[in-house]
1. Lys45 is checked against (1) in contact with a Ser or Thr (Cβ under 9 Å, 6 or more places away or on another chain); (2) farther than 15 Å from Ser119 by Cα; (3) basic (Lys, Arg) and fails just one. What number does that condition carry?
2. So is Asp77 at pLDDT 95 or above, part of a loop (DSSP other than H, G, I, E, B) and surrounded by fewer than 16 Cβ atoms within 10 Å (Cβ to Cβ) or not?
3. Return a yes/no flag: does segment 53-69 have any residue that is modelled with pLDDT of 95 or more, within 16 Å of Ile151 (Cβ to Cβ) and acidic (Asp, Glu).
4. Kindly establish whether Lys60 is over 19 Å from Ser12 (Cβ atoms) and in a helix (DSSP H, G or I).
5. Return the residue satisfying two criteria in turn: it lies in segment 10-33 and is free of Cβ contacts under 8 Å to residues at least 12 places away in the same chain and part of a helix (DSSP H, G or I), and of such residues it is farthest from Arg71 (Cα to Cα).
6. Say we look at segment 37-53 and pick out the residues that are out of contact with any helix residue (DSSP H, G or I) (no Cβ under 7 Å at 6 or more places or on another chain) and either part of a helix (DSSP H, G or I) or aliphatic (A, V, I, L, M) (or both); which of these is surrounded by the fewest Cβ atoms within 10 Å (Cβ to Cβ)?
7. Tell me which of these Glu61 doesn't satisfy, since it passes every other one: (1) within 30 Å of Thr20 (Cβ to Cβ); (2) in contact (Cβ under 8 Å) with a residue 40 or more places away in the chain.
8. Filter segment 80-106 down to the residues that are out of contact with any helix residue (DSSP H, G or I) (no Cβ under 9 Å at 6 or more places or on another chain) and surrounded by 14 or more Cβ atoms within 10 Å (Cβ to Cβ), then identify the one that is nearest to Ser24 (Cα to Cα).
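The values are calculated or read from the model by the stated rules, or taken from the named source; none is laboratory data. Note that this is a predicted model, so its numbers are computed, not measured. Virtual Cβ from ideal backbone geometry, glycine too; neighbours counted across all protein chains shown.
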Amino acid sequence: MIKKLNNYQIESRATAQLYTPLDSFTIFTMGTSGEGGEILDHIKKHVGHGHPLDIKVLIKESGDGLWYGGRVADLLDLELGKVWTTANYTPHLTTYKGSDFSALHHATVDTLSLIDCASANMLKYSRHMLRPGGMDGFNKRMIAAEFVDFISGLKALLKLYNIDVKEVVKVNAAKLKKRYDGNFSTEASMARVDVRSEAA
């Protein structure tokens, strides 16, 4: 698993647009927050509105979250596979008093809270780095701590729904190949050929 995720981190790197180091922290932590929100919105519709839970959507959005996680790991000089295997957060399947949610729903909300909070804090600390003296290492250490929480939340979410991270990587890698064919371009990002072909 470590090798597979590390290879994914390396291979997906070519599909990232290059920014200045400080802007990269901002853009890629924004991405973790955005993808976490996509996951949260889908589950909110399931839990709150009675929509069926689409595992394919969870796999797709988790893959996007993992892609941004890979970019944050790049910036922090961390191996995605090592972080994934050492991340350790498992929510308790507890039903709370006075709630209509199932134990699974509550555990899911716990993981989403972790993902949402961690991604928001990564973005916050990335913005602090733009201030005078911001690159002193403190903010990078704080981003690293929140990054581990973000990965822990993703890992727990997949565990709750019996989703293999290998499938997440496979689906995301296929999407990236279809969209970029190996390298990022603004034109390919805007064209979104993978989205058009899925809708057809």
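1. (1)
2. yes
3. Yes - at least one qualifying residue is present in segment 53-69.
4. The answer is no for Lys60.
5. Asp23
6. By that ranking, first place goes to His49.
7. Of (1) within 30 Å of Thr20 (Cβ to Cβ); (2) in contact (Cβ under 8 Å) with a residue 40 or more places away in the chain, only one is false for Glu61: (2).
8. His106
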